[in-house]
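Just so it is clear, none of the values below were taken in a lab; they were calculated from the coordinates. Keep in mind that what you see is a predicted model, and the values were worked out from it rather than measured. Cβ: placed from backbone, ideal geometry, glycine included. Neighbour counts: every protein chain shown.
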Amino acid sequence: MTEPLWWQKGVIYQVYPRSFNDSNGDGIGDLAGVTARLDYLVDLGIDAVWLSPIFPSPMADFGYDVADYCGIDPRFGTLADFDALRDAAHARGLKLLLDFVPNHSSSEHPWFLESRGSRASRKRDWYIWRDAAADGGPPNNWQSFFGGSAWQWDETSGQYYLHQFLKEQPELNWRNPDLRAAMLDAMRFWFERGVDGFRIDVLWLAIKHPDFPDNPANPEWRAGMQDIDRLLPVHSADQPEMAEIIAAMREVADGYPERVLIGEIYLPIPRLVAYYGETGNGVHLPFNFHLLDARWDAAALARLIADYEGALPADGWPNWVLGNHDKPRVASRVGPDQAPVAMMLLLTLRGTPTLYQGDELGIANVQIPPDRVRDPQALREPDTAFNRDEVRTPMPWDASAHAGFSTVEPWLPLNPDWATRNVMAQRDDPDSMLSFTRTLLQLRRTHPALSVGSWHAVSSDGAVLAYERRHGEERVLVALNLSDSPQTLALPDWAAALAPVLTTPGHDLRVEGTPLPLAPNQGILLA
């Protein structure tokens, strides 16, 4: 075996910069604030920091509307602040990843302003413009993820432009070679500046059917579902030409040592794994989001894990995600008692895990008062869209005013239990979620079976999910009780000599008897 690369044996931690740490007292997190908290991340035991977008932006969609792909938004700091963060991270052995947004820019990006200025503009074809339909309406029936048509009429030039998100986020045309070259140059800019990789936003959407036909109706759509779900995105997503675009991105990344590309791809497993590429020319890690919506049931989870493992290409490295800035918190999805069990699952499956800030504290969704809602998706579709503000609230560091996040009122409310659910309160408590997560991450480092070993099913009967991780002669057993009632697990013969090394908070590590007894909501690791 070759030595695993850092992104194969490591753990990625997602920082939402607006909500991580405010260094200048404006209520918004910034780069200097991230730098000031790096020692916390080192102590936690993660290996790489992924920053959600920090580029100049009007913030219509909080940074996912980029106005300059090679700069830093003043709200977050300067390029010098970025360089200081990079140097401080690297000095501590941490890798630094940026969010790359190739599908769309801001409507205030100079490229779009030039494109919009005239049909004869040199950059007209850098974006997707189409004439009106015969009735004067949009060119086709495509829907925006944020509700309504995906087309916006432009009075000045007399055409529609495509936006699958806000109208302030016009779609880039990756079929144009000059646009493609400019975007690849932006990637090179950051690689040259020492970035260790990119998380690539909505990668599966980046190219569309060349003829822009209508999407077919979704036969499973029902009242109460979002507009975007009315249609099946047959022609607006996951097109065959994506392979060529990803190969071009991969060629850029391969020009630098040990860089990683991670693709945001919400697709069924058979299509998801296609993004590894046929000859190792895809993204290194097509994000596997399937745990985000999985039924919290032993048989269902075992089937998901086995299906994913079975679908991976021979050289495809797996990865898992339990939370991010767009989806409900895991502590709200599975409940506070099961949150530690979910953390044990995430950090003991085969592959690279991504941990979302605050999940190591067990933070749940935060209810946002109507007058403080900032999420443009929730504002446009208040009855059907998840309010992403609920998972983007400021990180609680201590019990001081504003939880140590800022010296003033933060841009979003804190979690209501911040006075007790914060880093300082949990740091030295051996029974806290933070201490449990930190110990799990330490075990990943000391047990190669957990970081790079193979995965083998042991049991998914009833409420218990159990599996083996194996590397050489080392064997580890993970047993998870997914219920709130006592359970037992018949141990395989090879596990009889193993000893318990970690259990979820509030449970006794001493295990006696066979079969293995599991208390309600208990996970246990034997090595």
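Numbers for the structure displayed
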quantity: For the chain, convex hull volume per residue from C-alpha positions, Å³; calculated: 151
quantity: Calculated FRET value between Phe189 and Asp326, using beta carbons and R₀ = 30 Å, to 0.05; calculated: 0.70
quantity: Relative exposure of Phe100, Phe62, judged by other C-beta atoms within 10 Å (fewest first); calculated: Phe62, Phe100
quantity: Exposure proxy order (Cβ contacts within 10 Å, fewest to most) of Leu361, Leu312; calculated: Leu312, Leu361
quantity: Dipole of region 110-162, positive direction: furthest Cα of Gln152, Tyr127, Trp142, with charges on the beta-carbon; calculated: Tyr127
quantity: Share antiparallel - DSSP beta bridges, the chain, percent rounded to 5; calculated: 60
quantity: Two-site label geometry, Asn176 and Met225: point separation in nm, points 7 Å out along Cα→Cβ; calculated: 3.4
quantity: Degrees separating the helix 433-446 axis from the principal Cα axis of the chain, which is the longest one; calculated: 80
quantity: Sites matching trypsin sites (Lys or Arg not before Pro) across region 259-339 that sit in DSSP coil, with at most 11 neighbouring C-beta atoms within 10 Å; calculated: Arg295
quantity: Long-range HN-HN contacts of Asn218 with modeled amide H, under 5 Å; calculated: Leu231, Leu232
quantity: Environment charge at Ala302 (Cβ cut-off 11 Å; Lys +1, Arg +1, Asp -1, Glu -1); calculated: -3
quantity: Inter-label distance for Leu232 and Asp26, nm, one decimal - labels placed 7 Å from Cα along Cα-to-Cβ; calculated: 4.7
quantity: Kirkwood Rh, Cα atoms: Rg over Rh of region 1-57; calculated: 1.09
quantity: Region 490-527-region 139-168 distance, computed between alpha-carbon centres (Å); calculated: 56
quantity: Rg and Dmax [Cα atoms of region 454-526; Å; Rg one decimal, Dmax integer]; calculated: 11.5, 35
quantity: Distant-in-sequence amide H partners of Gln143 (H built 1.01 Å from N, under 5 Å); calculated: Ala150
quantity: Cα long-axis angle, helix 298-311 against the chain (0 to 90 degrees, to the nearest 10); calculated: 60
quantity: Environment charge at Ala60 (Cβ cut-off 12 Å; Lys +1, Arg +1, Asp -1, Glu -1); calculated: -2
quantity: Computed helical MRE - 222 nm, the chain, DSSP H runs ≥ 4 contributing -39500 (n - 2.57), nearest 500; calculated: -6500 deg cm²/dmol
quantity: Between helix 79-91 and the chain: long-axis angle, C-alpha atoms, 0 to 90°, nearest 10; calculated: 20
quantity: Check: region 350-395 dipole with +1 on Lys, Arg Cβ and -1 on Asp, Glu Cβ, in debye; calculated: 160
quantity: For region 484-527: rounded, prolate or oblate by the Cα gyration tensor [a/c cutoff 1.5]; calculated: oblate
quantity: Rounded to the nearest 20 debye, dipole of the chain from Cβ charges on Lys, Arg, Asp, Glu; calculated: 400
quantity: Placed amide H near Gln14: partners under 5 Å, 5+ positions off or other chain; calculated: Trp50, Leu355, Tyr356, Gln357
quantity: Leading residue at positive end of dipole, the chain (Cβ point charges), from Ala299, Thr420, Ala385; calculated: Ala299
